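*Asks:* What follows is a single structure, and I will ask about it in a moment.
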Amino acid sequence: DERTLVLVKPDGVQRGLIGEVVSRIERKGLRLVSLELKTVDRSLAEQHYAEHEGKGFYEELLSFITSAPVAAMVVEGPRAVAAFRQIAGGTDPVEKAVPGSIRGDLALETGSNIVHGSDSPESAEREIKLWFG
Ligand code: GTP
Ligand code: MG
């Protein structure tokens, strides 16, 4: 089976949505194999978001992810990467995420869209190593 890295970002943790996210992962049939609350330092944030360096929202992204604890988890199952991206919904919670998805149901702004999910199996392995060693 495939693995993916899921984060409940600071907005999701502060709004008390860790359980909601875990519940949707479990109802989909995916398995939770690790779960840890972490405070993110600048170095971890830079490595996690390396692909976005230089973009207009990069500094905002780093300050947001380092602003408060996140819940990091490793999620496993058949096609886990795509399956979680489906239940997360598109990046923009209003224009792209469909109702029924985490972002479509629970978020309003792209900069605070509750969850992160790895975008490919290769990204997933890199990110799991980065977050869980
Ligand atoms: P992640 O699962 O969080 O990686 O989201 P994604 O793969 O759907 O989006 P992407 O990797 O392109 O962007 C990473 C994160 O940066 C997004 O989840 C958003 O929170 C944020 N982001 C992306 N585009 C924008 C933007 O145009 N403006 C702002 N403020 N934030 C953005
Ligand atoms: Mg991404």
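Any read-out appearing in this document is the output of simple, stated calculations on the displayed coordinates, not a laboratory observation. None of these values were measured; they are calculated from a predicted model. Glycine gets a Cβ as well: all are built from the backbone with ideal geometry, and neighbour counts include every protein chain shown.
*Asks:* Counting other beta carbons within 10 Å of each residue's own, what order do I87, I18 fall into, fewest first?
*Replies:* I18, I87
*Asks:* Let me ask something else. Calculate, in nm to one decimal, what Y49 and A68 gain on full extension: separation in residues at 0.36 nm each, minus their alpha carbon distance.
*Replies:* 5.2 nm
*Asks:* Hey, if you put +1 on the Cβ of every Lys and Arg and -1 on every Asp and Glu Cβ in the chain, which of A68, V22, L37 ends up farthest toward the positive end of that dipole?
*Replies:* The one lying farthest along the dipole's positive direction is V22.
*Asks:* If you don't mind, there's one more thing I want to ask. Quote the relative contact order of the chain in percent (integer), defining contacts as alpha-carbon pairs under 8 Å separated by 6+ residues.
*Replies:* 37 percent
*Asks:* Okay, moving on. Measure out, as a whole number of angstrom, how far apart the alpha-carbon centroids of the stretch 43-107 and the stretch 8-26 sit.
*Replies:* 12 Å
*Asks:* What does the extension gain come out to for D105 and D92, with contour length at 0.36 nm per residue minus their alpha carbon separation? Intermediate results must be reported in sequence, preceding the final value.
*Replies:* Details: separation 13, 0.36 × 13 = 4.68 nm, distance 1.18 nm.
Full extension from D105 to D92 adds 3.5 nm.
*Asks:* What FRET efficiency do you get for S23 and L130 if R0 is 22 Å and r is their Cβ-Cβ distance, rounded to the nearest 0.05? Spell out each step's value before the answer.
*Replies:* Details: r = 26 Å, r/R0 = 1.17.
According to the calculation, E is roughly 0.30.
*Asks:* Moving to a separate point now. Build a GNM of the chain with springs between Cα atoms under 10 Å: which of A97, A80, A45 gets the top mean-square fluctuation?
*Replies:* Comparing A97, A80, A45 in the GNM, the peak value goes to A45.
*Asks:* Another question about this same structure. Out of the stretch 62-125, which GluC sites (Glu not before Pro) are coil in DSSP terms and have no more than 12 other C-beta atoms within 10 Å?
*Replies:* When the GluC sites (Glu not before Pro) of the stretch 62-125 are filtered for loop state and at most 12 Cβ neighbours within 10 Å, E95 remain.
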